[in-house]
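Data block below; observations after.
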Amino acid sequence: MTNDIVHWVDGGELAGEPDGWADVTNPATGQVTGRVALASEADAAQVIAAAKKASRSWGTTSLARRTQVMFAFRELLNSRKDELAAIITSEHGKVHSDAMGEISRGLEVVEFACGMSHLLKGGHSEEASTGVDVHSKRVPLGVVGIISPFNFPAMVPMWFFPVAIAAGNTVVLKPSEKDPSAANWLAALWKEAGLPDGVFNVLHGDKTAVDALLTSPDVQSISFVGSTPIAEYVYETASRHGKRVQALGGAKNHMVVLPDADLDLAADSAVNAGYGSAGERCMAISVLVAVDPIGDELVARIADRTRTLLIGDGGREATGAEKEADMGPLVTKAHRDKVSSFIDSGEAAGAKVVVDGRDVQARGGSQDVAEGFWLGPTLFDDVTPEMDIYREEIFGPVLSVVRVRSYEEAIALVNANQYGNGTAVFTNDGGAARRFEADVEVGMIGVNVPVPVPVAYYSFGGWKRSLFGDTHAHGTEGVHFFTRGKVVTTRWIDPANRPEGGLELGFPRND
Ligand code: NAD
């Protein structure tokens with residue numbers, strides 16, 4: 001039986017009249033498990049129209065009612081997150097515990113958005129001018145579009161939609177076609193939580209669906225997360241069509257290890273942040289900058305740890321081993337082959353292959369994983385900035401070590417990079433860490449923390465070619481993005497104290 005994954009609109013599934021279908025695979029087995037509809041322009045128009053219709057009533061629904069729905073959604077998601085994690089593992093490949101981690105970071109944003117009534121409070125100034133009061137408020141935008149990447153099919157949409165919905169907007173989510181099922185599961189959960197039909201919609205597809213969102217006059221804003229070339233295209237196209245845009249792009253995150261650092265902590269962190277989720281994280285560490293003289297010792301400790309990792313099917317207890325796999329497969333065969341070709345190119349360019357992931361043996365337990373999209377963790381030493389493996393975002397389990405002589409050289413390297421998403425410094429010197437924090441041109445910084453993803457009440461976003469637009473995701477910046485400001489200046493006539501009135505054509509003064 002075919003598992004057809006179709007759009008979700010007005011509280012139910014919509015088959016529509018797709019332009020085509022894309023296969024969805026289980027990356028651990030290589031088997032096709034379903035197919036996802038690729039929306040036609042007519043399908044996209046129907047989904048956007050439903051969101052527009054619902055926005056009229058949702059935007060004026062009381063804050064109390066909206067908050068009740070948010071809490072109900074939070075409770076349901078928390079109690080059923082295992083189900084969602086299993087869906088993520090089956091289409092993305094990341095191991096179960098990693099999928100649970102992604103959901104918990106999404107849940108954080110839902111919890112943040114449960115406090116929307118506080119976040120939407122405006123200001124009030126009495127007697128700003130004689131007999132005149134001023135107050136401000138923030139109102140919803142209307143229909144907002146969210147376009148998400150394959151690597152976090154639940155968390156990245158949850159960076160945006162809880163805030164957008166709690167603030168009174170309606171949503172059209174265009175998930176990645178590589179792992180589309182999580183979005184439909186979340187849509188059904190919203191319905192169960194009592195969200196009115198049409199407030200949360202899912203439009204599946206490719207460029208046609210994306211372009212429909214970017215150009216529709218009925219969509220007020222675009223929140224995009226994905227690779228830098230598409231982020232730039234989305235930013236330019238949606239801006240040209242008068243929309244508010246936040247477009248988060250790719251990354252090349254450097255971890256700088258200073259000579260006084262705790263080398264065991266640094267080695268553990270490099271392995272966890274380099275190979276977690278098979279390196280398919282925008283906050284993965286892909287470059288380790290070893291400041292002399294610790295390079296040899298650090299590389300040896302990382303290599304020892306890397307060789308102990310268990311690579312296998314990420315489904316819970318699916319490896320047939322005592323423990324869950326540490327790392328699953330890559331998302332598609334094409335992506336696995338691309339990452340593998342980067343390893344070939346790094347070797348050809350003269351980098352030293354310390355651990356080679358190309359001859360990986362994956363564990364499958366009860367599943368046949370012979371056709372899975374496997375690639376083991378790979379460690380390169382003596383990488384230099386002109387090599388492709390340094391310049392390009394590989395987005396796989398490949399960690400490159402660059403040796404530098406000094407702190408100054410390390411900072412210059414990080415700041416010369418086109419990306420500025422995340423970075424980390426490892427040191428026991430508070431002064432050095434403080435200086436790094438000031439010197440580095442990157443949006444999210446970790447001090448002895450390799451994956452510094454901000455908590456939900458701060459905002460997530462990078463600098464330079466890692467983010468197009470001004471506003472970062474979630475936190476107060478997210479609330480600002482999903483609302484428009486209004487300022488109201490009021491004069492009520494007090495019969496006991498009437499203003500003099502009369503004609504006065506000069507620009508209004510305050511006194
Ligand atoms: P991608 O750019 O290929 O796809 C992202 C979205 O854009 C998907 O929904 C896809 O369907 C759509 N898309 C793809 N090609 C398109 C086109 N030509 N026109 C219009 N839409 C198009 O990214 P991906 O491979 O799914 O995800 C990995 C990338 O996302 C990496 O570069 C990673 O660094 C980045 N990412 C960044 C962050 C961040 O916060 N900065 C977070 C997660 C992922």
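Quick look at the values:
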{"item": "Residue in the stretch 357-364 that is part of a loop (DSSP other than H, G, I, E, B) and touching a Phe, Trp or Tyr at 6+ places or on another chain (Cβ under 6 Å) present", "result": "yes"}
{"item": "Candidate set: the stretch 234-248, residues that are surrounded by fewer than 22 Cβ atoms within 10 Å (Cβ to Cβ) and of a type in the set (D, E, K, R); chosen: the one nearest to T483 (Cα to Cα)", "result": "R244"}
{"item": "Within the stretch 414-435, considering residues that are of a type outside the set (G, A, S) and within 24 Å of A231 (Cα to Cα), the one surrounded by the fewest Cβ atoms within 10 Å (Cβ to Cβ)", "result": "Q418"}
{"item": "Residues of the stretch 459-502 satisfying the condition of being within 16 Å of the ligand (Cβ to nearest atom), small (G, A, S) and under 20 Å from G115 (Cα atoms)", "result": "S459, A473, G475, G478"}
{"item": "Search result, residues across the stretch 1-60 that are of a type in the set (D, E) and either at pLDDT below 95 or touching a helix residue (DSSP H, G or I) at 6+ places or on another chain (Cβ under 9 Å) (or both)", "result": "D10, E13, E17, D19, E41, D43"}
{"item": "Tabulated pairs, the stretch 296-317, first more than 19 Å from S286 (Cβ to Cβ), second among the polar types (S, T, N, Q) and not in a helix (DSSP H, G or I), C-beta under 8 angstrom, 6+ apart or interchain", "result": "L310/T319; G312/T319; D313/T29; D313/T319; D313/Q367; G315/Q367"}
{"item": "Hits in the stretch 187-228 (condition: closer than 18 Å to D10 by Cα and touching a Gly at 6+ places or on another chain (Cβ under 6 Å))", "result": "K191, D197, L213, V219"}
{"item": "So L63, is it more than 20 Å from the chain's Cα centre (by Cα), hydrophobic (A, V, I, L, M, F, W, C) and either within 16 Å of the ligand (Cβ to nearest atom) or closer than 30 Å to A28 by Cβ (or both)", "result": "no"}
{"item": "Every pair of residues 6+ apart whose Cβ atoms lie under 7 Å, when the first sits in the stretch 488-511 and is of a type outside the set (D, E) while the second is in a loop (DSSP other than H, G, I, E, B)", "result": "R491/G131; P499/G131"}
{"item": "Boolean, P140 is in contact (Cβ under 8 Å) with a residue 24 or more places away in the chain and more than 27 Å from T61 (Cβ to Cβ)", "result": "no"}
{"item": "Conditions (1) without any contact (Cβ under 8 Å) to a residue 24 or more places away in the chain; (2) closer than 15 Å to P27 by Cα; number of the one not met by D356", "result": "(2)"}
{"item": "Long-range neighbours under 9 Å by Cβ, at least six apart or interchain, first residue touching a residue at least 12 places away in the same chain (Cβ under 8 Å) within the stretch 51-65, second assigned to a helix (DSSP H, G or I)", "result": "W58/R66; W58/I165; T61/V69; L63/M116; L63/S117; L63/A166; A64/S117"}
{"item": "Helices (runs of 4 or more DSSP H) fully within the stretch 43-150 counting 1 or more residues that are in contact with a strand residue (DSSP E or B) (Cβ under 6 Å, 6 or more places away or on another chain)", "result": "81-92"}
{"item": "So P259, is it under 27 Å from G11 (Cα atoms) and away from the ligand (no atom under 16 Å from the Cβ)", "result": "no"}
{"item": "Search result, residues across the stretch 359-369 that are touching a residue at least 40 places away in the same chain (Cβ under 8 Å) and either of a type in the set (S, T, Y) or over 14 Å from A325 (Cβ atoms) (or both)", "result": "S366, D368"}
{"item": "Complete set of residues in the stretch 208-231 that are within 17 Å of G16 (Cα to Cα) and surrounded by fewer than 24 Cβ atoms within 10 Å (Cβ to Cβ)", "result": "T208"}
{"item": "Every pair of residues 6+ apart whose Cβ atoms lie under 9 Å, when the first sits in the stretch 118-129 and is within 27 Å of Y457 (Cα to Cα) while the second is of a type in the set (D, E, K, R) and exposed (fewer than 14 other Cβ atoms within 10 Å of the Cβ)", "result": "G122/K486"}
{"item": "Where V453 falls short, out of the listed (1) more than 11 Å from the ligand (Cβ to nearest atom); (2) under 15 Å from the mean Cα position of the chain (by Cα)", "result": "(1)"}
{"item": "A270 of a type outside the set (V, I, T), more than 16 Å from the ligand (Cβ to nearest atom) and either under 26 Å from R391 (Cβ atoms) or part of a helix (DSSP H, G or I) (or both)", "result": "yes"}
{"item": "Residue tally, condition part of a helix (DSSP H, G or I) and either within 12 Å of F380 (Cα to Cα) or not acidic (D, E) (or both), over the stretch 320-356", "result": "15"}
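One line per residue, one yes/no per condition, for (1) at pLDDT below 95; (2) of a type outside the set (A, V, I, L, M, F, W, C); (3) surrounded by 20 or more Cβ atoms within 10 Å (Cβ to Cβ):
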{"residue": "P329", "(1), (2), (3)": "no, yes, yes"}
{"residue": "V339", "(1), (2), (3)": "no, no, yes"}
{"residue": "I343", "(1), (2), (3)": "no, no, yes"}
{"residue": "G346", "(1), (2), (3)": "no, yes, yes"}
{"residue": "A370", "(1), (2), (3)": "yes, no, no"}
{"residue": "L375", "(1), (2), (3)": "no, no, yes"}
{"residue": "I389", "(1), (2), (3)": "no, no, yes"}
{"residue": "V402", "(1), (2), (3)": "no, no, yes"}
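The values are calculated or read from the model by the stated rules, or taken from the named source; none is laboratory data. Only a predicted model underlies this, so the values are computations on that prediction, with no experimental measurement involved. Note that each Cβ is placed from the backbone with ideal geometry, even for glycine, and that neighbours are counted across all protein chains shown.
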